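Chemist: Quick one: this structure, given as structure tokens, is what I'll be asking you about.
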């Protein structure tokens, strides 16, 4: 973890919220344990970014009903985050500002995407906003957060991974911890509210 003086949000920063959707919360079609705790943590970051007038981006799965990732089409997952459904909506308790830029991914039947950058305009939107450092949290640590962070690092962004605003599926025990190690190896820095929020 790094200290507040190094991670205090400033001009050139953005917050990326990965897939904080109803279907990924406990009780959802593909619920992640502790997913609801992530929402509470993320709201603290959202308040800080709003106070500092810094941009917020929210990615979401936005699948057609016959998406290739679904079991019926030979994929690994139950149907989830079908475009326009209640399960695809952002978490009820998530306090997204009105000017949040929403980025939809995996929107066609034949192509899946875990990363928020895969097949989207997220990179272009960040560049337009003159962002060079991103704070990233959301769901799930070992899938969409992992791939989004790796892509952000590969694209040259400085990446701060919000350790208290992520949760893992852990299909195999330890998947979440391994994903964090992989993101750090890619260049991401681990931080949390104790460092980021004003004391």
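Chemist: Within the stretch 153-171, which residues are out of contact with any helix residue (DSSP H, G or I) (no Cβ under 8 Å at 6 or more places or on another chain) and farther than 23 Å from residue 194 by Cβ?
Modeler: Of everything in the stretch 153-171, just one residue is out of contact with any helix residue (DSSP H, G or I) (no Cβ under 8 Å at 6 or more places or on another chain) and farther than 23 Å from residue 194 by Cβ, namely 156.
Chemist: Considering 89, 129, 93, which residue is in contact with a helix residue (DSSP H, G or I) (Cβ under 6 Å, 6 or more places away or on another chain), touching a residue at least 60 places away in the same chain (Cβ under 8 Å) and surrounded by fewer than 17 Cβ atoms within 10 Å (Cβ to Cβ)?
Modeler: The match here is 89.
Chemist: Which count do you get for residues in the stretch 15-34 that are outside any helix (DSSP H, G or I) and more than 12 Å from the chain's Cα centre (by Cα)?
Modeler: Result for the stretch 15-34: 10.
Chemist: While we're on this one: For the stretch 75-84, name all the residues that are within 15 Å of residue 62 (Cβ to Cβ) and either in contact (Cβ under 8 Å) with a residue 24 or more places away in the chain or in a helix (DSSP H, G or I) (or both).
Modeler: Once the filter is applied, which keeps residues that are within 15 Å of residue 62 (Cβ to Cβ) and either in contact (Cβ under 8 Å) with a residue 24 or more places away in the chain or in a helix (DSSP H, G or I) (or both), the stretch 75-84 yields 77, 79, 80, 81, 83.
Chemist: Given the stretch 108-199, what helices (runs of 4 or more DSSP H) lie entirely inside it while holding 2 or more residues that are in contact with a strand residue (DSSP E or B) (Cβ under 6 Å, 6 or more places away or on another chain) and at pLDDT 95 or above?
Modeler: Qualifying helices (runs of 4 or more DSSP H): 122-128, 146-154.
The values are calculated or read from the model by the stated rules, or taken from the named source; none is laboratory data. Quick caveat, the model's predicted, so the values are computed rather than measured. Please note: Cβ atoms are built from the backbone with ideal geometry, for glycine as well, and neighbour counts cover all protein chains shown.
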